[in-house]
1. Counting DSSP beta bridges in the chain, what percent are antiparallel, to the nearest 5?
2. Let's see if you can work this out: charge +1 on each Lys and Arg Cβ, -1 on each Asp and Glu Cβ, no other charges. What is the dipole magnitude of the chain about its Cα centre, in debye to the nearest 20?
3. Tabulate in residue order the Karplus-calculated ³J(HN,Hα) for the stretch 342-347, using 6.51 cos²θ - 1.76 cosθ + 1.60 with θ = phi - 60°, rounded to whole Hz; enter x for Gly and Pro.
4. Using a Förster radius of 22 Å, what is the FRET efficiency between ASP78 and GLU132 based on their Cβ-Cβ separation? Nearest 0.05, please.
5. Under 5 Å between amide H atoms, partner at least 5 residues away or on a different chain: which partners does LYS426 have, H built in plane at 1.01 Å?
6. Can you list the HN-Hα couplings for the stretch 250-257, worked out from phi with the Karplus curve (6.51, -1.76, 1.60; θ = phi - 60°), rounded to whole Hz and with x for Gly and Pro?
7. Any idea what the relative contact order of the chain is, in percent, if you count C-alpha pairs under 8 Å spaced at least 6 apart?
8. Enter the angle in degrees (range 0 to 90, nearest 10) between the Cα long axis of helix 175-184 and the first principal axis of the Cα atoms of the chain, meaning the one along which they spread out most.
Amino acid sequence: MKICMIGTGYVGLVSGVCFAELGNSIICVDKDIKKIANLKKNIIPIYEPGLEELVKKNFKSGRINFSSDLKSAIHKSDIIFICVGTPTKAKGDEADLRQIFNVTKEIRKYLNKFKVIVTKSTVPVTTGDDIEKILLQKKSKKYFEVVSNPEFLREGEAIRDFMYPDRIVVGTENKKANNILKNLYEPIIKRGRKYLNTSRRGAELIKYASNAFLATKITFINEIANLCEKTNINIEDISIGVGLDQRIGSRFLRAGPGYGGSCFPKDTRAILAVAKKYKIDLSIVKSTIKSNDKRIKILFDRIKLILNNKINKKNITFLGVTFKPNTDDMRESSCLKIIPKLHKLGASISYYDPSGKKDEFHKYKSVFFEKNISLACKNSDLIILHTDWDEFKNLNFKKLVKKRDFKIYDMRNIYSPKKMKLAKIKYFGVGR
Ligand code: NAD
């Protein structure tokens, strides 16, 4: 099938290249001209395992191309996926849909024959209705059908998630559009993956409800971890014991720094805003957001306690700064709040992240990126294991750090407290 992806970010690029791998002909469009020029040279704008190889392979075979010419891309395509950003509005909790509606108006200009227009971006309930209204202002229904097909991929595992999803959700009550989408996903459905056709509004809400539930699950275990710290219980035992109940499941049940990233924080807030519009009190989601916000203070207070309230002139190392491993995405990473607080109190921060240096820290004069783990840890008073990248999982800290009385705060519970005790390292984890 001939497909146009509008917005070539995490979602547009990954889904575009995966559709190409499944044998379709893809044009990825973005308004960021530099991004498109780089992609044509096979320079990938994001860090995502396996993505570069897949882009190179499909670009070489001609199944995927990159362009900033929206008109020509739309003319050539039968299906148009909208994959632009839906951030939180500058004021309030609502999703800012300007990118969605701008794209809609552009699509409207170039509709030359029937096309299925699909929102892959995460959009609030009734956005599909609004898109349809905008299109109908200038084009009749024979030119389009608006469908919702939310994306559930996780950064860091995006290709696997796209190719082997738990489910594909397609929101449309139009038979023709549903058949086109089902046909497109046929190679994935054949692998035994579930395909759910529901209403357009239903599909939009499934995405928000899923993210709100997962955010709640993470927040729940983090609160239980707080209780474990006071009662001398290991949260890892609780996660295993609770997760073994098949009604609950073990995933997203690991205590840590709180949820972050480009989706959970904005999507939990956006679903609250939608509920408010309809005068529905989503009190559980509200509490989740509040609790996750509070987590930053809990982590920060723990750091202060570990350092006996003496932050000034301390060398603090962050191993990992992204919100999770295998991505370069810094959006809503908890260390964006913790590092500036420590810096303000006079700490000198070194950090190393496998995905490289971060622009977010340029403005702080005592926050330094180091090229490797050894350089980052050499003079450390406190090492904070912030992100559980594989390369941090088997370190010999005694060899890495020059100082004898250094401490470790393992925010991901990567290491065994028993082994650390045997090695005479002052070690602190989360919820244990
Ligand atoms: P992103 O910011 O990485 O990419 C969005 C891209 O859209 C950018 O490259 C931007 O330049 C481009 N764009 C904006 N306006 C445009 C226009 N008028 N024409 C052409 N290009 C335009 O965003 P993302 O992380 O890929 O997220 C996109 C959507 O998918 C969001 O709604 C998000 O919530 C949802 N989503 C994201 C993930 C994830 O893991 N990142 C997972 C599932 C769903």
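The values are calculated or read from the model by the stated rules, or taken from the named source; none is laboratory data. Computed from a prediction, not measured in an experiment: that's the story for all the values here. Here the Cβ positions follow ideal geometry from the backbone for every residue, glycine too, while neighbour counts run over all protein chains shown. For accessibility, only protein heavy atoms count, side chains too; no ligands or nucleic acids. Shrake-Rupley method; radii C 1.70, N 1.55, O 1.52, S 1.80 Å.
1. About 5 percent, rounded to the nearest 5.
2. 660
3. 5, 4, 4, 8, x, 6
4. The pair ASP78/GLU132 has a calculated efficiency of 0.75.
5. ILE408
6. Calculated HN-Hα couplings, in order: 8, 6, 6, 10, 10, 5, x, x Hz.
7. Over the chain, the number comes to 12 percent.
8. Once rounded, the angle reads 50 degrees.
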